[in-house]
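The values are calculated or read from the model by the stated rules, or taken from the named source; none is laboratory data. The structure presented is a predicted model; accordingly, all values stated were derived computationally and were not measured. Using ideal geometry, Cβ is built from the backbone for each residue, glycine included, and neighbour counts are taken over all protein chains shown.
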């Protein structure tokens, strides 16, 4: 596993690439849009809880790193843009793996090493939850949260709530 500073430096260099604003725009559109035909169903909203989706802290980090250099709005070549998208996702995942390392404890850790495991007081265990990725959150079924009445409300029909059974 590489050092956090190494991954962050590579991410910073990538965000300084000409036309990187288009990559951020792509992520925002991809991860904030709900696509549906005629009416919204729970399946249409499932993408909002995908592990591939970037969350606000990740997008904010990318914007912050991009803003450290002069903004270049030239549209990158499609191959170059795809490379930047793929590399960004890879680097963000690598960063999460690094930040989450203190949360992982081997199942058969010898007693002397258990005393060296970081605690919440050290701050190391709080870094990933602060910069959390959906893959570490409890997976919930969005379909189970939406009643048919809620779906009707979302696409403009009568606003009612199902009564508890």
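Search the stretch 28-48 for residues being at pLDDT 80 or above and surrounded by 13 or more Cβ atoms within 10 Å (Cβ to Cβ), and hand back the single one that is nearest to residue 72 (Cα to Cα). For the stretch 28-48, the residue satisfying everything is 28.
Filter the stretch 70-81 down to the residues that are surrounded by 12 or more Cβ atoms within 10 Å (Cβ to Cβ) and at pLDDT below 95 and list them by number. 72 - this is the single residue of the stretch 70-81 that is surrounded by 12 or more Cβ atoms within 10 Å (Cβ to Cβ) and at pLDDT below 95. In this structure, residue 52 qualifies as over 12 Å from residue 20 (Cα atoms), modelled with pLDDT under 95 and under 14 Å from the mean Cα position of the chain (by Cα).
Here 25, 3 are screened, and the one residue that is loosely packed, with under 15 Cβ neighbours inside 10 Å, at negative phi, modelled with pLDDT of 95 or more and out of contact with any strand residue (DSSP E or B) (no Cβ under 8 Å at 6 or more places or on another chain) is 25. Total residues in the stretch 64-86 satisfying the condition of being in contact with a helix residue (DSSP H, G or I) (Cβ under 6 Å, 6 or more places away or on another chain) and closer than 15 Å to residue 12 by Cβ: the figure is 3. Of the numbered conditions (1) loosely packed, with under 15 Cβ neighbours inside 10 Å; (2) in contact with a helix residue (DSSP H, G or I) (Cβ under 8 Å, 6 or more places away or on another chain); (3) closer than 18 Å to residue 93 by Cα, residue 9 fails exactly one; give the number of that condition. Among (1) loosely packed, with under 15 Cβ neighbours inside 10 Å; (2) in contact with a helix residue (DSSP H, G or I) (Cβ under 8 Å, 6 or more places away or on another chain); (3) closer than 18 Å to residue 93 by Cα, the lone unmet condition for residue 9 is (2).
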